[in-house]
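Comments concern the structure below.
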Amino acid sequence: MTMTGSLDRRAVTAKLLEDRGDLLVVTGLGSPSYDAMAAGDHDLNYYLWAAMGSAATVGFGLAMTQREKPVLVLTGDGEMLMGLGALASIGQKLPPNLTIAVLDNGHYGETGMQTSHTGRDIELARFAEAANFPWTRIVTDMDGVSDLRTRMQSQSGTSFAAIKIAAENLPRALPPRDGVHVKNRFRAALGLSTI
Amino acid sequence: MTAVPAEEAPSWQDEILPILKSFDVRHLVYVPDAGHATAIREAEKDNGITSLALTTEEEGIGYLSGAWLGGERGALLMQSSGVGNCLNTLALQTMTRFPLLMLVTMRGDWAEFNPWQNPMGQATEAALKLMGVRTWRADQPEEVAHLVHGAATMAFNGDEACAVLLGQSLIGEKKWVK
């Protein structure tokens, strides 16, 4: 049986990014990058377009250096599944300012909506729990999204949420594809030079 | 069978971490190998460095990309087998350009006992070059510090991906005991 949620991914993303303050955002390739873009381009968004499985590790490295700012990794279930080992690596350090939010529709949306492992009842939040994340949730309603946002902004412990969204392909909002540009503007916004 | 390194921490191993620190490396991320044992051990004792074990080598590319995004430098240590795990993820460096310094201890290279190590070991340098990584190779102990210094200079001054391959003859022939 294929399992999917019902939340609107764009509404979820907009809620997480509301009044974002100092929030630093890393997005996984595909729809999560479009979702963040649809909520409004921002200098402190770092959009990945490839390197599948790397969203969590990029956010981890960022959280370990910008220790005073909340860091959100916004990615999809397929992207997270390709980087499951990263949860174990993160579990060794558990930076309190790091939140991983998986927009989990149980499908590979970019490639024709094939069912993913999470659509076959493999629950990502349990992996994060096994990796000693102090806060893991399966989010199925917008109140849960609000709780996640509060938790993220409070930087009170490494957090992981599998957010059960509807499986649908929405109109794409394409972020900039010039990775050097996105990197340089992100660093400039933190007061850092290009090299 | 148990692998026993032929030599205990030869002196070139002692040189690695001080060179990295001279470039203000703050993150040492690795999948362990015998040739990196000294650098890893010393980094773990050093409060100025975050040392991090990875489950697979490509995690280090993402991590160092994020650390650089946040303003700090790092280096990635691995065995040559791990280069194969990194290939697709190296696109992250190519497309965003951040300093990526990799130190790679070789297997399947000189006097390899285990032939299963040979396919990736023999393809390591070519695979890195195919993905746009600049490579240097040290086979003599006195070459190591010089080449690591050079690769670090080019990585950190030029936002480049640079790898130093540390030949298997540096580490010594493994003695296999039943």
Full extension between B:Ala123 and B:Met154 adds, at 0.36 nm per residue less the Cα distance, a length in nm of 8.8 nm
Over the alpha carbons of chain B, what is the largest minus smallest coordinate on each principal axis, giving the biggest first in Å?
-> 48, 34, 29
Which FRET efficiency, nearest 0.05, do A:Asp141 and A:Asp178 yield, Cβ-Cβ r, R0 25 Å?
-> 0.10
Contour minus Cα-Cα distance for B:Asp139 and B:Lys175 (0.36 nm per residue) | 11.0 nm
Semi-axes, largest first, in whole Å: what does sqrt of 5 times each Cα gyration tensor eigenvalue give for the stretch A:97-195?
-> 27, 22, 13
Summing +1 per Lys or Arg and -1 per Asp or Glu among the other residues with Cβ less than 12 Å from A:Gly109's Cβ gives -4
Inter-chain shielding of B:69-81 (mean C-beta neighbours from other protein chains, 10 Å cut-off) = 4
What residues qualify as long-range amide H neighbours of B:Ala163, i.e. H under 5 Å apart, gap of 5 or more or another chain, H built at 1.01 Å from N?
-> B:Met102, B:Arg134, B:Thr135, B:Trp136
Quickly work out the A:Arg126-to-A:Thr111 label distance, labels modelled 7 Å from Cα along the C-beta direction, and quote it in nm with one decimal.
-> 2.3 nm
Amide H neighbours of A:Trp135 under 5 Å, at least 5 residues apart or on other chains, H built in the peptide plane: list them.
-> A:Phe160
Which net charge results when you count Lys and Arg as +1 and Asp and Glu as -1 among the other residues whose beta-carbon is under 12 Å from that of B:Ser81?
-> -3
Ranking of B:Glu59, B:Glu173, B:Glu143 by count of other Cβ atoms within 10 Å, fewest first = B:Glu173, B:Glu143, B:Glu59
Please report the relative contact order for chain B, taking Cα pairs under 8 Å with a sequence separation of at least 6, and give it as a percent rounded to a whole number.
-> 27 percent
So what does log10 I(q)/I(0) come out to for the protein assembly as shown at q = 0.10 Å⁻¹, using the Debye formula with one equal point on every Cα and no solvent?
-> -0.62
Evaluated over the stretch A:9-189, the Cα radius of gyration and Dmax, each in Å | 14.6, 43
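A short reminder: the numbers here are calculations on the coordinates, not readings from a lab. Fair warning: this is a prediction, and the values are worked out from it, not measured in the lab. Every residue, glycine among them, receives a Cβ derived from its backbone with ideal geometry; neighbour counts consider all protein chains shown.
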